[in-house]
Amino acid sequence: MNLSHSKSLGWLSAAGLLFALLPTAGQMRAQKSQAPRERWSESKADSWYRAQPWPVGANFLPSTAVNELEMWQDDTFDPTTIDRELGWAQAIGMNTMRVFLHNLLWEQDPKGFQQRINTFLTIASKHHIRPVFVLFDSCWDANPKLGPQPPPIPGVHNSRWVQAPGPAILEDPALYPPLESYVKGVVGAFANDPRILAWDVWNEPGEPTNAPRKDILATLLPQVFAWARAENPTQPLTSGVFEGDWTSLATMTPLARIQIEESDVISFHNYDWPEVFEEKIRELQQFRRPIICTEYMARGNGSTFDTILPIAHKYRVGAINWGLVAGKSQTYLPWDSWQHPYVDRQPAIWFHDVFHSDGKPYRQREVEIIRTLTSEK
């Protein structure tokens, strides 16, 4: 279901008043020093993390959106659903959400996109939730297009997710200036905003299905970190490692080394059994920086709230699971739906997501675990 533009006017006008009072991106940049900041020291990163509540939340897409473009475009931006679903997250103790942005949205309408980000932040702040914003993403459809998004493919997990920016741009350096403008524009607009927890500059760069572009990304990814740092954000930068051997920098893939060496705080993805999850934490502790797991929880894969969240709590590693509310992304369906769509049956267990679309928890015991662990000091 997509809400009409008129249904969003109440939220947009209310948030617009606050937005008008905020400094513009240009004013914020004028307030910052001329030299871009360096990567945070280990001590600064540690001090920042100690000042935060233990970060626990979900990768968030409102149930009415099929992908990040539908979430943010003016005609389908749905603050009513966002408010309702973030309220459910707040009620079980979550305090962060990982939220994907997209370069095409900035190129199309930077002012409008900035206003909608501000509206989202206003709603999130009301629920004491500080998001991690993701700037770029190497996963799924290689041809993102603005405008009405296609409906989900029946029975298929996350069937309409789109890459940002997509290979057509990645493979042509002449097309990079708009990417730089996007990064500097969106980070610069919110560089001093305390409602944001962190910036995740690139999700799964060089994801395995995109192997031919790993060499390109090894050159581009450091530039993206530099573009973001040029705006002197008060929030940390990160990019989550997700594949390969992390026992040392020498054993890591070139992209993983860049992610580790450029990140202010370390982040990673893991959808494996709890013993593997704990092993990965121990491997990443060698870098002596705060650690946040920005993707986990795939019930059929052995990664559950029951087993993973207590380990994250033990090490005070941030924990952001995939999916909050079952909706158009269909991420409650398992990965094998890519080969065998669930058109005539329901999965034996949900793969991702915490709530049904009416707010009922998929499993009450899970929300009790989240609520209990997030309430502990």
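Worth a mention:
- Pairs where the first residue, in region 111-129, is of a type in the set (Lys, Arg) and the second is buried (at least 18 other Cβ atoms within 10 Å of the Cβ) and at pLDDT below 95, C-beta under 8 Å, 6+ apart: 116/12
- Whichever residue in region 313-345 is of a type in the set (Ser, Thr, Tyr) and part of a helix (DSSP H, G or I) and, among such residues, is surrounded by the fewest Cβ atoms within 10 Å (Cβ to Cβ): 315
- The residues of region 346-377 that are among the basic types (Lys, Arg), part of a helix (DSSP H, G or I) and over 17 Å from residue 87 (Cα atoms) amount to a single one, 365.
- Going through (1) in contact with a helix residue (DSSP H, G or I) (Cβ under 7 Å, 6 or more places away or on another chain); (2) under 22 Å from residue 134 (Cβ atoms) one by one, residue 284 falls short only on (1).
- Residue within region 213-232 that is surrounded by 17 or more Cβ atoms within 10 Å (Cβ to Cβ), touching a Cys at 6+ places or on another chain (Cβ under 6 Å) and at pLDDT below 95 present: no
- Among the residues of this structure, residue 207 does not count as one that is touching a Lys or Arg at 6+ places or on another chain (Cβ under 6 Å) and touching a residue at least 40 places away in the same chain (Cβ under 8 Å).
- Helices (runs of 4 or more DSSP H) completely within region 1-117 that count 1 or more residues being more than 28 Å from residue 146 (Cβ to Cβ) and either modelled with pLDDT of 85 or more or out of contact with any Gly (no Cβ under 8 Å at 6 or more places or on another chain) (or both): 5-21, 25-31, 42-50, 79-91
- Some residue of region 223-230 being aliphatic (A, V, I, L, M), within 30 Å of residue 338 (Cα to Cα) and either in a loop (DSSP other than H, G, I, E, B) or touching a His at 6+ places or on another chain (Cβ under 7 Å) (or both): no
The values are calculated or read from the model by the stated rules, or taken from the named source; none is laboratory data. What you see is a predicted model; the values in this text were computed from it and never measured. In this analysis, Cβ positions are derived from the backbone assuming ideal geometry, glycine residues included, and neighbour counts consider all displayed protein chains.
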